[in-house]
Amino acid sequence: MLALGILGSGKGSNARSLLEAIRAGRLDARVVCVISDVAGAGILDLARTRNVPAIHVDGSPFRTKLDGAAQDHVIRLLREHGADTVVLAGFMRMIKSGLLRAFPRRILNIHPALLPAFPGLEAWTQALRAGAKVSGCTVHFVDEGMDTGPIIVQRTVPVLDDDTPESLHARIQEQEHLAYPEALALLADGRLRIEGRKVIRT
Ligand code: GRF
């Protein structure tokens, strides 16, 4: 059974989908803690309503990365709560080498585009602006780069002519809520092997 430590900065719909997959018996895991760099984030409220430890960590001194004392604090919390797998679910800071070393090949992220296309912020807006006809979401292992790690699961979404950034993001999120439990279930069942940059399903 996986022991998930979830990191997020936003409303927590992906965290909710994981909790639901666990409850429904589709994912052999438990969520041991939810950590956020945003004190008022919905993901912390969600954790509290599910009796999961919900912890705010001050991300300073940096704005867009998790490093230094803040990173050490997060590593300590994850260990104290017994996490063996770190799930980034809308966490808006770049993870640095300390955390990567503490949980080698055990940190996953979900990105709202079909990587390697459209890494970085507001990927759904990037896809719209580029005139892409198909987009989607990607669950991948995290490495030192920005949205560059080995890809585990992708799900596609058509881009419609009348899509707005909001409508496209909403449709991508529906697929995220299927993709993240699916990827973690593969990990929980020991059915993933990494070969170079590739994830092989066994
Ligand atoms: C998702 O779109 C995810 O792909 C991106 O941030 C968003 C988080 O949404 N990394 P939520 O907080 O899980 O609802």
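Computed quantities for the displayed model
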| read-out | value |
| --- | --- |
| Segment Met1-Val134, length gained on full extension (0.36 nm per residue, minus Cα span) | 44.4 nm |
| MRE, 222 nm, helices only [DSSP H, n ≥ 4, -39500 (n - 2.57), over the chain, to nearest 500] | -10500 deg cm²/dmol |
| Residue among Pro158, Pro119, Pro181 with the largest mean-square fluctuation in a Gaussian network model of the chain, springs linking Cα atoms under 10 Å | Pro158 |
| Segment 48-89, accessible area per residue, ligands and nucleic acids excluded (1.4 Å, Å²) | 54 Å² |
| Nearest-10 value in Å² for the accessible area of Thr148, using the 1.4 Å probe | 60 Å² |
| FRET efficiency, Asp72 to Ala170 (Cβ-Cβ, R0 45 Å, nearest 0.05) | 0.80 |
| Qualifying GluC sites (Glu not before Pro) for segment 141-202 [loop in DSSP, other Cβ within 10 Å: at most 16] | Glu144 |
| Those aspartates and glutamates that a straight Cα-Cα span of less than 17 Å connects to Lys96, excepting residues fewer than 8 apart in one chain | Asp37, Asp58, Asp67, Asp72, Asp143, Glu144, Asp147 |
| Carbon/sulfur fraction of accessible area - the chain, other protein chains in place, 1.4 Å, % | 52 percent |
| Globularity ratio of the chain, using Cα Rg and 2.2 N^0.38 Å | 0.97 |
| Percent of beta bridges antiparallel (DSSP, segment 2-197, rounded to nearest 5) | 40 percent |
| Within the chain, longest stretch clear of exposed trypsin sites (Lys or Arg not before Pro) (DSSP loop, no more than 12 other Cβ within 10 Å) | 64-132 |
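The values are calculated or read from the model by the stated rules, or taken from the named source; none is laboratory data. Since we're looking at a predicted model, the values are computed, not measured. Backbone-built Cβ (ideal geometry, glycine too); neighbour counts: all protein chains shown. Only protein heavy atoms, including side chains, enter the accessible area calculation; ligands, DNA and RNA are left aside. Shrake-Rupley method; radii C 1.70, N 1.55, O 1.52, S 1.80 Å.
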